[in-house]
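In what follows, a structure is listed as structure tokens, so that the remarks can point back to it.
The values are calculated or read from the model by the stated rules, or taken from the named source; none is laboratory data. This structure is a prediction, so every number in the text was calculated from the model and none was measured. Here the Cβ positions follow ideal geometry from the backbone for every residue, glycine too, while neighbour counts run over all protein chains shown. For the accessible areas, the whole protein counts, side chains as well, though only heavy atoms, and no ligand, DNA or RNA atoms are used. Shrake-Rupley method; radii C 1.70, N 1.55, O 1.52, S 1.80 Å.
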Amino acid sequence: MTVNLFRGLVTLFAGTALVLGFGGTASASTPSSGDVTAAVKAADAQLSAFFGQLDRRAGLARADVAQAPKVDGEPQSVYSLDPAFVAGQPGAKPASFAYYAVKAQASTGRQATVWVTRDAAGLTAANFTTGTEELTYPAQAHGDLVFTEPQVNAWYRVRDGRVLPLNDPARRRVGDGVAVAAYQQLVHRLYGDKLPGSAYRDQGKLGGYDLAASAPAPGTGSWPFAAGGALLALGLIGWATGKAARARR
């Protein structure tokens with residue numbers, strides 16, 4: 001099972017809400033890998049606490065061990081379904097930039113993937129997870145657009161006008177691959193009425209879950225802080241990322 005910090009929360013990217021796992025709007029200026037790494041280092045305390053939580057879940061008594069997390073490797077740019085594409089806008093690209101994924105390793109050997117997002121204050125380490133898809137699939141891009149449909153934990157590449165699957169959830173969606181236009185029709189049918197501003201969203205629904213009832217209870221593994229000590233988002237955990245979490249178990 002993959003353990004996540006705030007996976008499923010609505011993350012804010014420079015004023016653009018990442019709702020239901022759709023991509024945000026990339027900043028006009030691309031930060032250096034050093035800037036992204038610095039954002040991870042700024043979250044040392046929270047990341048150490050995350051590693052300690054994993055140890056406790058595994059029954060390991062390491063409360064006095066200094067986790068000393070370090071960045072391992074280069075950041076990967078993660079792209080996610082673009083709202084304009086889902087809405088059916090002609091000419092829209094399937095995905096847009098969502099966040100940077102960075103591999104971090106503790107002195108104990110435990111590893112985590114850190115999501116780094118941009119908000120009004122700059123770059124922020126916004127999510128910690130034990131999953132590695134955010135690192136491994138974007139690294140396979142080789143010039144193609146590689147993106148995720150996080151609602152079902154599916155990963156794809158776009159090549160020669162076709163959306164091609166990279167993992168089993170994607171193959172269950174598109175078989176051996178479909179034309180970009182066909183994939184757009186598919187995701188529009190699935191998610192078009194759930195975009196920000198839709199009646200579905202305005203009614204406070206995420207796949208039948210009431211937002212007020214969807215916040216995690218204390219002690220369930222969703223921590224009440226983000227890097228920097230502030231609550232990152234609105235506490236929305238529901239249909240979209242719930243499916244992704246179940247797919248990883």
Work out, step by step, the length gained on full extension between H188 and A66: first 0.36 nm times the residue separation, then minus their alpha carbon distance; give nm to one decimal. 39.2 nm
For segment 155-168, take each phi angle, set θ = phi - 60°, evaluate the Karplus expression 6.51 cos²θ - 1.76 cosθ + 1.60, and give the result in whole Hz per residue in order, putting x for glycine and proline. 10, 9, 10, 9, 8, 6, x, 10, 9, 10, x, 10, 9, 5
What nm distance separates the two modelled labels at Q89 and R57, each placed 7 Å from Cα along Cα→Cβ? 3.6 nm
For G177, distant residues with modelled amide H under 5 Å away: none
Gain upon complete extension [A38, T132; 0.36 nm per residue less C-alpha separation]: 31.8 nm
Please list 3J(HN,Hα) in residue order for segment 92-108, calculated via the Karplus relation 6.51 cos²θ - 1.76 cosθ + 1.60 where θ = phi - 60°; whole Hz, with x for glycine and proline. 5, 6, x, 9, 10, 4, 10, 6, 9, 10, 10, 7, 10, 9, 8, 5, 7
Show me, for segment 41-47, the HN-Hα J-couplings you get by feeding each phi into the Karplus relation (A = 6.51, B = -1.76, C = 1.60, θ = phi - 60°), rounded to Hz, glycine and proline as x. 4, 5, 9, 3, 5, 5, 5
In the P(r) worked out for segment 24-153, what percent of Cα pairs fall beyond 20 Å? 49 percent
Need the full-extension length gain, D119 to S107, defined as separation in residues times 0.36 nm minus the C-alpha distance. One decimal, nm. 1.3 nm
N127's amide H: which non-local residues (gap 5+, or another chain) put their own amide H closer than 5 Å, with H modeled 1.01 Å from N in plane and none for Pro or chain starts? W115
Please give the per residue accessible area of segment 104-169, computed with a probe of 1.4 Å over protein heavy atoms only, in Å². 36 Å²
Give the peptides 141-147, 129-135 in descending order of average Cβ contacts within 10 Å, highest first. 129-135, 141-147
